[in-house]
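First up is the structure itself, then whatever we jot down about it.
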Amino acid sequence: MKQVLSILIPVLIGMGSLALNSCKPKYEKPETSAGELNATRFVMIGGSHTSGYMDDALYYEGQQYSIANLLSGQLQKVGSGAFYQAYMPDNSVGVNGQGMSRLKLGYKTDCLGVTSLSPVRLASGGDVAALGANVYNASQPFGNFGIPGMTVTAVSIPSYGIANPFYGRMSSSMSASVLGDATASDPTCFALFLGIEDMLPYVQGGAKNGTMTNTANFSMAYEQIVQSLTVNGAKGVVSLIPDITEMPYFTTIPYNGLNLTPDKAASLNAIYNPIGISFQEGPNGFMIQDPLAGAFGVRHMVAGELVLLSTPLDSVKCHSMGSVFPFRDEFVLTLDELAIIRAQIAEYNAAITAIATTYNLALAKPNELVNKLQAGIVYNGVTLSAKFVSGGAYSLDGLHFNPRGNAIISNEFIRALNSKYGAKIPAINAVNYPSVIFP
Amino acid sequence: MQKLVLLFFSLSAVISIYSQGFQVNFQGQKQQGMGLAGTALSEDASALFYNPGGVAFVKKNEINAGFSPIFANTLFVDSASGEGYRTKSPMGTPFSAYALFGFKKMESLKVGLAVYTPFGSTIQYEDEWIGRFALTKLSLKSIYFQPTVSYKINEHFGFGAGFIIATGAVDLQKDIPVQFADGTYGHAELTGKALGFGYNLGLNAKINEHFSLGLTYRSKVSMEVKEGDAKFTVPESLSANFPNGPFTSSLPLPSVLTLGGSYNSGKKWQFVLDINYVGWKAYDTLAFDYESNTASLIDTKSARKYKDIIAFRGGANFQASGMIAVRLGGGFGFSPVQSGYVTPESPDGNRIYGTAGLGFKFNEHFNADLSFYYTYIKRTDRNQETNLQGTFTTIAISPGIGLSYKW
């Protein structure tokens, strides 16, 4: 018995302590490397999508999750230095080009008395004062030159800050150009996400007013930017432009959202049958103005055509907009307009691809991801799609990504850098980034 | 006998169980020291689990209880970001308890009751881990109650059969990707109790004084959750989209066919070998059927597509003295989880394990056994449903203790 106990007791004690210090698998940090890239000093130039603009305004939290800042965060894991952005005040309600505040998700009661979740402005007015206050600091040169509204052709224009206050508030001087400021700190590595702004105002306005930058000017200006950035041997990534008409701003309201009861259909038929247009019970294409459509210049929308989110929905629901009163041109994109827009995107992308080849740069393709978001992707157990609000990738304006969306777009840039330069820059874990906040 | 019933009752009330997409063969500390093999043995009451056919050859009445706390740690390394996340699973507590009786007037007949925990797991990941929208915690518990009859046909053959009443409980939790104003996420918790039935059949053949063979079949048990309780914590504006309410589900616990052999040198050495064929193919789909569906809350059917697998287990017992036995063993099991289907709930891979044990015979009535189990599992995969991609590494250890009283 003694013999047994003399073995039993130490064995029991040994097993107990082993169990308490229970062995854990060892975490070995995967190797990271900049490859052929020198990540020391990183700058990014782009438009609103680069700046951190989201929920239809530039504001502090959005800027924290800007594509430029997210990319810099990953590059800092392979030797990149401190990164500075022209932050809005941290308690600011944000501001957009029309002086309005950011959107949040709240409740809105429509003309029928139905209250539902809807984007609403955070405040009655935007932080216009912040737009007028210059935050340039020579000792902390900015790395994020994402400027809402900046076209490719505007990047090297001197005194651009006078025309565009989003640059004016961060420019080094009244006469400065974005390209001058961006190259002043001798970047060793760069990212360009330019071109969306060359078409966005036109497309967002229903292809009614203004134009898109013509391809020759676009190409020339783009190449000049790349030349200036690479003159000292800097390497970087340029990005193709996504088809913005695949974004929720354009895809949320269906072309045939005119759902009619038999009575409604009959009363519309009474109005329209004389000019050869008829309606039926159930879904019908909205009525739009189209100068090319017969003698009266009105017609049904057809499959593939897009109704914009700027459409006043109360007018649709209660005041017969889109039926008795056809949509004005500014609220829709017709097949003809879409063909022109998509052809222009293809031309921009051909120009960017050619420049990437000539200057031996990495080429990011976030356009492929934007395209996939239409059907939806599953990312680490989360479904992300272009569905307005609930899709989880776009902010409440339906045109700019939310922080999680910016993270998956940034991963496309990282993928391009890794494959071009043999780098091992870790991707971002996008589920760690906020999506849409629900009340 | 009344005391016995009480003992079982208190054990089952406090004890849960553990495994990872795999059966827990922690049933009898002697076998646990010898690589979890022992289907051909008929030495003690643990034969009620290992081979009801061997029960008839056990010479004495016996009460036998064992407990093997499992300490398991899983590390997941996300392949895209390189970030690592760990589990904080609670200690698993598989147990087994056996009672075996013979009759003076009918020596070839034995009856017994086995209460044990052959399947189950509790796995809980650290907060805010990358897969939290796939799973944050899964606790599966099952306890089998198996009344058994065993009959010795002659000196060479024994046959036994047990009826299995399986009770179980499930608790599945994950985050929902909708955010509160403070940035935290919605959460879903599905809980339910399950019930299932099955049987355990066994044949034991004593070829001669050295060799024995065993063949057993434990049937599949379909654990049905008939009235689960789904609870959702979401922002107020979405509460109508995620109604709390009942759900139904079911989980198959697979059949196990085992062929085992043993060799006894006479005095000092004993060797055992088991081959399991586990019918995991039964686990094809994990489905949840919610009583009230909404656009956000639809019934789910997740493909699991497990495949049948084979596992090899073997070990040796060395009788060092009249009182002390030393045991060593090990095994290899193929994973039932196919590529593309590895989930955080069951981060399974092919596994190799080793075991060791000590046996103490205090007197002719009272025995104590100690065992130790170690396993290491590594699996890299991209799940087709969630696109979670990375490497799961699991280390599990289990020290066990068992006591038996024979008369």
### Summary
Restricting segment A:375-404 to residues that are in contact (Cβ under 8 Å) with a residue 40 or more places away in the chain, more than 21 Å from residue A:201 (Cβ to Cβ) and not in a loop (DSSP other than H, G, I, E, B), the one farthest from the other protein chains (Cβ to nearest Cβ) turns out to be A:403
### Message
Looking at segment B:356-394 only, could you name the residues that are under 30 Å from residue A:384 (Cβ atoms), at the interface with chain A (Cβ under 10 Å from one of its Cβ atoms) and of a type outside the set (Asp, Glu)?
### Response
B:378, B:383, B:384, B:386, B:387, B:388, B:389, B:390, B:391, B:392, B:393, B:394
#### Entry: From A:395, A:419, residue being assigned by TED's automatic domain parsing to the domain that holds residue A:104, polar (S, T, N, Q), surrounded by 21 or more Cβ atoms within 10 Å (Cβ to Cβ) and farther than 20 Å from residue A:45 by Cα
A:395
### Message
Considering only segment A:358-365, I want to know if a residue exists there that is in a helix (DSSP H, G or I) and among the hydrophobic types (A, V, I, L, M, F, W, C).
### Response
no
### Message
Any residue at all in segment A:154-167 that's touching a strand residue (DSSP E or B) at 6+ places or on another chain (Cβ under 6 Å) and either touching a residue at least 40 places away in the same chain (Cβ under 8 Å) or not aliphatic (A, V, I, L, M) (or both)?
### Response
no
### Filtered residues of segment A:313-350 (kept if assigned to a helix (DSSP H, G or I) and farther than 30 Å from residue A:238 by Cα)
A:313, A:314, A:315, A:316, A:317, A:318, A:329, A:330, A:331
### Query
Filtering segment A:372-394 down to residues that are polar (S, T, N, Q) and under 21 Å from residue A:53 (Cα atoms), which residue is modelled with the lowest pLDDT?
A:390
### Query
Which of (1) within 14 Å of chain A (Cβ to nearest Cβ); (2) surrounded by fewer than 22 Cβ atoms within 10 Å (Cβ to Cβ); (3) β-branched (Val, Ile, Thr) is the odd one out, the single condition residue B:63 does not satisfy?
(1)
### Summary
Just one listed residue, out of A:425, A:437, is under 18 Å from the mean Cα position of the chain (by Cα) and of a type outside the set (Ser, Thr, Tyr), and it is A:437
### Message
If a residue must be of a type in the set (D, E, K, R), closer than 29 Å to residue B:166 by Cβ and assigned to a strand (DSSP E or B), how many such residues does segment B:192-241 contain?
### Response
7
### Message
Going through B:234, B:272 one at a time, which residue ends up being under 19 Å from residue B:49 (Cα atoms) and either within 14 Å of chain A (Cβ to nearest Cβ) or crowded, with 19+ Cβ neighbours inside 10 Å (or both)?
### Response
B:272
### Message
Would you confirm, using the coordinates I've provided, whether residue A:353 is of a type in the set (S, T, N, Q) and either free of Cβ contacts under 8 Å to residues at least 60 places away in the same chain or not in a helix (DSSP H, G or I) (or both)?
### Response
no
### Message
I'd like to check which strands (runs of 3 or more DSSP E) are fully inside segment B:20-120 and have at least 2 residues that are β-branched (Val, Ile, Thr) and touching a residue at least 40 places away in the same chain (Cβ under 8 Å).
### Response
B:71-78
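The values are calculated or read from the model by the stated rules, or taken from the named source; none is laboratory data. Keep in mind that what you see is a predicted model, and the values were worked out from it rather than measured. Positions of Cβ are backbone-derived with ideal geometry, glycine not excepted, and every protein chain shown enters the neighbour counts.
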